[in-house]
Amino acid sequence: MTGKMEFKTDETMKIETQVDNIKKIETKAYELKEAEKEEVKAELYLQLPGREYSKDDLLKKIEEIWREKFKRHQNEIHTVDIYLKPEEGRAYFVINKEVSGDMEI
């Protein structure tokens, strides 16, 4: 045999594990940072005769309904899906994939 056997101590194994974990965290942080760069900013405007609503206008109305009708706090909203039906003069929404409602637009 011409090689020297290497034994790893518990301390060496712990350090190697920590280094591996740090590398994984750094990789994930880089991936998240790159994903943020790729996000496209978009704005939505609904134009009806004599009226215009932005995405923010609709969200404010939905948040108001959430607080007043459902008696919930605004910080409990995580997702909002909005379905516009201009021919009905209504906007339908689903909050947090559970609570639905509608409003006049």
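Bear in mind that the values in this text are calculations on the coordinates, not laboratory data. These numbers come from a predicted model, not from an experiment. Positions of Cβ are backbone-derived with ideal geometry, glycine not excepted, and every protein chain shown enters the neighbour counts.
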Subject >> Alpha-carbon gyration tensor eigenvalues x 5, square-rooted, for the range 45-104, Å >> reply: 21, 11, 10
Original post:
Computed FRET efficiency, Cβ-Cβ of K60 and D102, R0 22 Å: what is it to the nearest 0.05?
Top reply: 0.90
Original post:
222 nm [θ] for the chain, helices only, -39500 (n - 2.57) per DSSP H run of 4+, per residue, to 500?
Top reply: -14000 deg cm²/dmol
**OP:** Treating the angle as unsigned and between 0 and 90°, give the value, to the nearest 10°, between the Cα long axis of helix 10-38 and the longest Cα principal axis of the chain.
**Re:** 30 degrees
**OP:** Anything over 20 Å Cα to Cα? Flag those among K28/K97; K41/K71; K60/K85, in the order listed.
**Re:** K28/K97; K41/K71
**OP:** Normalising by the residue count of the chain, find the relative contact order in percent from Cα pairs under 8 Å and 6+ residues apart.
**Re:** 11 percent
Original post:
What size of dipole, in debye to the nearest 20, comes out for the range 1-55 about its Cα centre when the only charges are +1 on Lys and Arg C-beta atoms and -1 on Asp and Glu C-beta atoms?
Top reply: 80 debye
**OP:** Please report, in debye to the nearest 20, how large the charge dipole of the chain is about its Cα centre when each Lys and Arg carries +1 at its beta carbon and each Asp and Glu carries -1 there.
**Re:** 180 debye
Original post:
Taking one equal scatterer on every alpha-carbon of the chain, how large is log10 of I(q)/I(0) by Debye at q = 0.10, 0.13, 0.20, 0.23 1/Å?
Top reply: -0.54, -0.69, -1.05, -1.19
Subject >> Those lysines that a straight Cα-Cα span of less than 19 Å connects to K23, excepting residues fewer than 8 apart in one chain >> reply: K14, K33
**OP:** Mind checking the full-extension length gain between H78 and Y45? Use 0.36 nm per residue of separation minus the Cα-Cα distance, one decimal, nm.
**Re:** 9.7 nm
